[in-house]
Amino acid sequence: MPQNTLTITDNRTGQTYTIPIEDGTIRAMNLRQIKTGPEDFGLMTYDPAFMNTASCRSSITYIDGDQGILRYRGYPIEVLAERCTFLEVAYLLLFGELPTEPQLKNWVHDITHHTMLHESTKKFMEGFRYDGHPMGMFVSTVAALSTVYPDARHVHDASNRLLQIQRLIGKVPSIAAMSYRHNVGFPYVYPDNDLNYAENFMNMLWKMVEPKYVANPAIARALDILFILHADHEQNCGTNAMRSVSSAQTDPYLSMASAASALAGPLHGGANEEVLKMLDEIGSKDKVPAYIQKVKEGHFKLMGFGHRIYKNYDPRAKIIRWCAEQVFEVTGRNPKLEIALELERIALEDDYFVKRKLYPNVDFYSGIMYQAMGFRPEMFTVLFAIPRTAGWLAQWQELITDPEQKIARPRQVYTGHGAREFVPLEKRTSAALAAG
Ligand code: CMC
């Protein structure tokens, strides 16, 4: 018997099956042969929320949740955050290798020359309510780009894909900045090609009447590091949406709009905004123990804590804490930091959190830092979506070029009625329907 196999005995029939194990997995389709008789559909797995199902092979991002390790294409996140720019990391995610100097120069040039939005986007943006959530504006505007670039539907053409990738990475900061300026009622600012990716984003957000926007270099670098930390995170809810939707060969604008919609949820990228609301609600350091008690009683969750994969300190949260200190040197300390530190201190000692391996995640400190930089909480998830664009697109490319992938279509365990007798409208009563 080959060693890398699994032997299953079906106690319903007494039959034994031997199934290969590859990369620590068995193929769910290999279970289909396990039947009680010719009429039986065959065995399936039941895995709500994909708790133990690999949906793809990927060589982009590696996470070891128990050890708190995150690597892009084999490089530890700590090294990339310290030594690279976001666009360098985006290149790494998309092409599998760090760029050489000339490659990086071309890449930066290509992205920089795709930052402009079609003028009609302004009109589209003006249609949103003045106080519309920027994430709703972001999602809809990304989707609307599908109407501007109908060529994007040729998803099997590699050079066409590259063009859409450059467009999307180039344009997401412009859309994000527009949504912010729409909220505050300021005129939109055009991109400035002399500035780097983060600086140009700051320019489009905050330029007022000065002829040339000058970004604070410490803030620009902190923002760029945050972009690196958020660039990819393997098969999370948003990325799964990206893969699932684009498996239907939908164009990348529409697919990415669905990925960003998933990200908007409070259990996903929306958590950073929720952390700020939570810190506001707690109000002061002395109220932390009472708040923790309520979390333990199950009234609500501690936002910015816990993760499906990390059962250790999220490595990104560690870098963000360091980054926040650099930002506070420029902006002054955000008073909410005291409450956050106290929450973390108590939670990390408390049996409830220790037993469940609940540690601060990426969203716990990012909001405090964003707020100190001058962002409103509503913008936080948009700030997450900008760099995640690189990850979504890398995952999209991988999916499209993977010969094993097909349209994503899970199975279900049907729990509804068997075939029923139809009851005509005039005879319908609850009793008649129940009897039917
Ligand atoms: N506060 C209090 N209890 C928690 C928390 C929390 N933040 N997170 C999980 N638990 C408890 C949960 O109630 C459960 O307890 P019990 O075993 O007694 O029922 C146990 O820990 C296991 O939790 P789970 O809900 O089965 O874990 P999950 O993997 O389904 O959920 C999560 C992961 C991130 C959705 C969850 O931890 C959570 O809701 N956290 C707060 C929201 C948040 O910070 N989200 C950002 C995630 S990181 C960035 C991103 O993904 O975008």
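The values are calculated or read from the model by the stated rules, or taken from the named source; none is laboratory data. Source: prediction; values computed, not measured. As a convention, Cβ positions derive from the backbone with ideal geometry for all residues, glycine included, and neighbour counts pool all protein chains shown. Remember, those area values only see protein heavy atoms, side chains included, never the ligands or the DNA or RNA. Shrake-Rupley method; radii C 1.70, N 1.55, O 1.52, S 1.80 Å.
Values for this structure:
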{"quantity": "Matching residues in the range 17-33 - criterion: being closer than 19 Å to Y46 by Cα and within 28 Å of the chain's Cα centre (by Cα)", "calculated": "G24, T25, I26, R27, A28"}
{"quantity": "Complete set of residues in the range 238-276 that are in contact with a Leu (Cβ under 8 Å, 6 or more places away or on another chain), open to solvent by 10 Å² or more (accessible area, probe 1.4 Å) and either on the phi > 0 side of the Ramachandran plot or within 16 Å of the ligand (Cβ to nearest atom) (or both)", "calculated": "R243"}
{"quantity": "Qualifying residues in the range 93-107 (those that are open to solvent by 90 Å² or more (accessible area, probe 1.4 Å) and in a helix (DSSP H, G or I)) - the one farthest from A390 (Cα to Cα)", "calculated": "E101"}
{"quantity": "Condition broken by E199, with the remaining ones in (1) over 30 Å from G185 (Cβ atoms); (2) open to solvent by less than 50 Å² (accessible area, probe 1.4 Å); (3) touching a helix residue (DSSP H, G or I) at 6+ places or on another chain (Cβ under 6 Å) satisfied", "calculated": "(1)"}
{"quantity": "Residue tally, condition of a type in the set (A, V, I, L, M) and in a helix (DSSP H, G or I), over the range 165-216", "calculated": "13"}
{"quantity": "Residue satisfying all of: in the range 303-349; open to solvent by less than 30 Å² (accessible area, probe 1.4 Å) and without any contact (Cβ under 8 Å) to a residue 40 or more places away in the chain; nearest to A215 (Cα to Cα) among these", "calculated": "N334"}
{"quantity": "Which numbered condition L383 misses (of (1) farther than 30 Å from Y253 by Cβ; (2) out of contact with any Pro (no Cβ under 7 Å at 6 or more places or on another chain); (3) of a type in the set (A, V, I, L, M, F, W, C))", "calculated": "(1)"}
{"quantity": "Which numbered condition Q293 fails, given (1) farther than 13 Å from V275 by Cβ; (2) modelled with pLDDT under 95; (3) open to solvent by 30 Å² or more (accessible area, probe 1.4 Å)", "calculated": "(2)"}
{"quantity": "Residue that is assigned by TED's automatic domain parsing to the domain that holds M256 and within 30 Å of D363 (Cβ to Cβ), where the choices are A385, A394", "calculated": "A394"}
{"quantity": "Exclusive hit being out of contact with any strand residue (DSSP E or B) (no Cβ under 8 Å at 6 or more places or on another chain), over 26 Å from K318 (Cβ atoms) and open to solvent by less than 20 Å² (accessible area, probe 1.4 Å), set G42, G68", "calculated": "G42"}
{"quantity": "Subset of the range 277-316 (residues that are of a type in the set (A, V, I, L, M) and near the ligand (Cβ under 9 Å from one of its atoms))", "calculated": "V295, L302, M303, I309"}
{"quantity": "Only listed residue being surrounded by 21 or more Cβ atoms within 10 Å (Cβ to Cβ), among the hydroxyl-bearing types (S, T, Y), in contact with a helix residue (DSSP H, G or I) (Cβ under 9 Å, 6 or more places away or on another chain) and not assigned by TED's automatic domain parsing to the domain that holds G170, chosen from Y352, Y365", "calculated": "Y365"}
